[in-house]
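Bear in mind that the values in this text are calculations on the coordinates, not laboratory data. A quick note: this is a predicted structure, and the numbers were derived from the prediction, not measured. Here the Cβ positions follow ideal geometry from the backbone for every residue, glycine too, while neighbour counts run over all protein chains shown.
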Amino acid sequence: VPIRSGVQMDESALIRAAQAGDHAAFEQLVTAYDQSVLRLAMNLLRSPEDARDVYQEAFLRVFRNLHNFRFDCSFHTWLYRIVTNLCLDQMRKRKVRKEEPSILNTPEGLLDRMDSVPEERVDGDPQRYLFSGQVRIRIKEVLGQLTPRERMVFELRHYQGLRLRRIGEILGTTEEAAKNCLFRATQKMRTGLGEFI
Amino acid sequence: MSTGHDEMNCIAAREQFAMLLYGELSFDEEEQVEAHLDGCAECRAVLSQEKAVSASFDAFEIQPPPSLLRSCREELHARLMDEEATPAVTHGSWWAQFTDMLTRRPAWAVLRPMGALTLVALGFLGARLMPGAFFWTGGGRGDLQSMGLVEPQASRVRYVEPGSDGRVQIVLDETRQRVVSGRLDDLKIRALLMTAAKDPSDPGLRAETVDILNTRAQSADVRDLLIYEMKNDKKAGVRLKAMEGLKAFAQEGAVRAALSQVLLTDANPGLRTQAIDLLTGGTNTSGDRQMVSTLQELMQRGEQQDYVRERCRQVLEAMNASAETY
């Protein structure tokens with residue numbers, strides 16, 4: 001829950017204050033969620049520039065339309081509807097590309113997201129081959145083969161830790177449909193990584 | 001395959017492993033899978049491997065660098081300030097709803113050119129750019145509005161002149177709306193848009209017009225206008241939009257010179273962040289002396305913005321250029 005002036009403020013009070021034109025309240029709403037929004041966009045789009053565009057556009061839309069927010073769903077769900085729509089749109093446009101770069105040009109310099117995948121473990125674990133270079137390359141390929149929706153559901157469940165019920169609400173579908181989508185994604189990944197399993 | 005378990009049971013159980021790991025099985029489904037696992041060593045091994053695969057995906061996640069989050073917040077703050085100062089494009093008017101409709105739909109990028117044409121057809125430019133005036137000599141009673149003569153914003157009294165018989169003659173400047181419709185490559189339409197992009201009275205109009213012109217940035221005249229807007233518009237939001245349109249041309253000399261100027265002189269941190277990214281993000285920057293001198297100048301004068309300073313340092317180091325000597 002966002003903190004304001006040392007006093008814990010209920011989120012709905014914060015939203016109402018922002019709706020009434022309280023800039024500080026709006027910026028607190030932003031900072032309560034913007035890290036996860038940026039993380040989602042960065043992981044899905046793998047481009048700091050595109051992630052920045054999504055970030056700006058999403059929060060500007062929230063700002064412009066907050067007066068229409070009627071508490072029919074949680075603010076998080078409402079915000080994520082906007083963000084996921086923007087990301088899906090970008091991903092669909094990019095789908096013409098066969099392969100996404102694993103090298104990211106970040107403000108901190110070049111970052112290879114594969115570098116974050118650990119090398120072979122040294123403890124003699126029988127699964128250590130899973131972390132070999134081949135698997136790292138394959139993971140990149142497999143993620144690239146998912147449809148934008150599958151990728152989105154996988155990202156929201158696996159990395160953002162959202163429940164399928166919530167994912168269904170965000171994507172405007174049922175929990176069952178989200179589950180089927182996640183199932184397809186995991187099946188594809190299992191098939192893609194089959195030789196390593 | 002373990003004895004006591006037919007092939008279907010193993011296949012069915014394994015199909016549930018992913019949902020089991022995500023905790024997305026119902027109580028009954030989980031019970032069935034676990035009952036199967038109790039008696040099937042092979043499936044337990046497969047589940048163990050699936051956990052390892054899942055863990056390998058865990059490590060594939062990236063965290064956005066703190067500086068990216070910081071610059072995003074700075075840029076958003078600036079754009080919100082700008083947005084607040086531009087009521088024409090905010091909060092619920094038919095205009096805001098219309099422009100929001102254009103941008104909200106997932107296919108907004110496809111719709112934007114259509115929107116551009118529609119905007120022109122709506123004639124809002126005509127209202128601003130083609131004023132007409134007439135002398136009113138009638139002798140009715142009541143105020144202007146009760147006479148149905150004018151909308152307050154569309155007309156104003158230029159001067160009044162007393163007559164000898166107690167009457168008064170009033171000269172009105174009146175704006176009449178006129179629909180102008182055409183494609184963006186029509187030179188007349190483009191000339192109207194170029195004028196609207198510099199309309200000092202309405203930043204909202206300038207922002208929308210620049211947005212439309214961004215789709216024609218391949219034309220030199222449009223690019224010149226975008227450069228002018230990026231350097232001179234009073235509103236950061238308009239300057240940012242102009243910069244968006246110039247992104248694809250960041251390797252061109254005139255654009256780079258303008259970006260350097262923005263980097264050196266603009267007060268908006270979001271713009272400066274974008275400017276340095278565009279200046280240093282290309283592949284053909286190694287021989288760019290102007291950029292090097294710009295970056296060195298920033299370092300020399302003690303750049304205050306963390307991200308810009310760090311980026312300067314990185315680029316200068318990469319180019320073996322000094323951050324201190326000139």
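Within 10 Å of the Cβ of each residue in B:67-75, the mean number of Cβ atoms contributed by other protein chains is 6. Summary of the geometry: segment A:12-73 and segment B:224-293, compared by the centres of their Cα atoms, lie 26 Å apart.
Which lysines, if any, have their Cα less than 30 Å from the Cα of A:K188, not counting same-chain residues under 8 positions apart? Within the straight-line limit of under 30 Å, A:K188 reaches these lysines: A:K93, A:K95, A:K98, A:K140, A:K179, B:K51.
Residue by residue along B:48-55, Cβ atoms of other protein chains within 10 Å of the local Cβ number 5 on average.
Averaged over the residues of A:42-51, the number of partner chain Cβ atoms lying within 10 Å of the residue Cβ comes to 3. Sorting A:63-71, B:234-242, B:24-32 by average packing, meaning the other beta carbons within 10 Å per residue, from highest down gives B:234-242, A:63-71, B:24-32.
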